[in-house]
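First up is the structure itself, then whatever we jot down about it.
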Amino acid sequence: MKALLQRVSAARVEVAGEVVGAIDHGLLVLVGVEPEDTEASADKLLHKLLNYRVFADAEGKMNLSVGAVEGGLLLVSQFTLAADTRSGLRPSFSTAAPPSKGEALFEYLVRQARQKHHPVATGRFGANMQVHLVNDGPVTFLLES
């Protein structure tokens, strides 16, 4: 699994003009699922997301996790993260998991996240989403499980 993690002051996802998920400060995470991914991959990724230290401590150093700062987690499925972009000028999506597998693993990730963290918000799998964010820093990392 791949995740593009962004530290945000605020973020929200809209579908057809309706806000379907929103957080204040915390992490916006775009999630891509690949064919070889499993629930173990999702568990490993979630551990990283919840424990990755990207928030400033009292000395201004990135030493705190999203849980330590009581931040929100906004998870958004994005199959384009799994695209093969190594050659040519058009992405290939043969490296992305089929939609049924992608949805199952994304929903598993969300369920596990909700058991371990609060608040957790999401986009809507497979929908045309508009993602609004205020990237804090900016701070952005690509994580892989």
Exclusive hit being free of Cβ contacts under 8 Å to residues at least 24 places away in the same chain, closer than 15 Å to Val131 by Cβ and of a type in the set (Gly, Ala, Ser), set Gly72, Gly17: Gly17
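If only one of Asp37, Asp43 is surrounded by fewer than 17 Cβ atoms within 10 Å (Cβ to Cβ), touching a residue at least 60 places away in the same chain (Cβ under 8 Å) and either within 19 Å of Met129 (Cα to Cα) or touching a helix residue (DSSP H, G or I) at 6+ places or on another chain (Cβ under 9 Å) (or both), which one is it? Before you say what the answer is, go through the steps one by one.
Values: Asp37 fails: surrounded by fewer than 17 Cβ atoms within 10 Å (Cβ to Cβ).
Being surrounded by fewer than 17 Cβ atoms within 10 Å (Cβ to Cβ), touching a residue at least 60 places away in the same chain (Cβ under 8 Å) and either within 19 Å of Met129 (Cα to Cα) or touching a helix residue (DSSP H, G or I) at 6+ places or on another chain (Cβ under 9 Å) (or both) holds for just one of Asp37, Asp43, which is Asp43.
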Check on Met1, farther than 20 Å from Asn128 by Cβ and buried (at least 22 other Cβ atoms within 10 Å of the Cβ): yes
Hey, does segment 85-92 have a residue that's modelled with pLDDT of 95 or more and in a strand (DSSP E or B)? no
Take the residues in segment 110-145 that are part of a strand (DSSP E or B) and in contact with a Ser or Thr (Cβ under 6 Å, 6 or more places away or on another chain), then tell me which one is surrounded by the fewest Cβ atoms within 10 Å (Cβ to Cβ). Val134
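Any idea which of Glu103, Glu59, Glu39, Glu107 is of a type in the set (Asp, Glu), at pLDDT 95 or above and in contact with a Ser or Thr (Cβ under 8 Å, 6 or more places away or on another chain)?
Working: Glu59 fails: in contact with a Ser or Thr (Cβ under 8 Å, 6 or more places away or on another chain); Glu39 fails: in contact with a Ser or Thr (Cβ under 8 Å, 6 or more places away or on another chain); Glu107 fails: in contact with a Ser or Thr (Cβ under 8 Å, 6 or more places away or on another chain).
Step by step, each of Glu103, Glu59, Glu39, Glu107 is checked, and only Glu103 is of a type in the set (Asp, Glu), at pLDDT 95 or above and in contact with a Ser or Thr (Cβ under 8 Å, 6 or more places away or on another chain).
The values are calculated or read from the model by the stated rules, or taken from the named source; none is laboratory data. Model, not experiment: these values are computed from the prediction. Cβ atoms come from the backbone with ideal geometry, glycine included; neighbour counts cover every protein chain shown.
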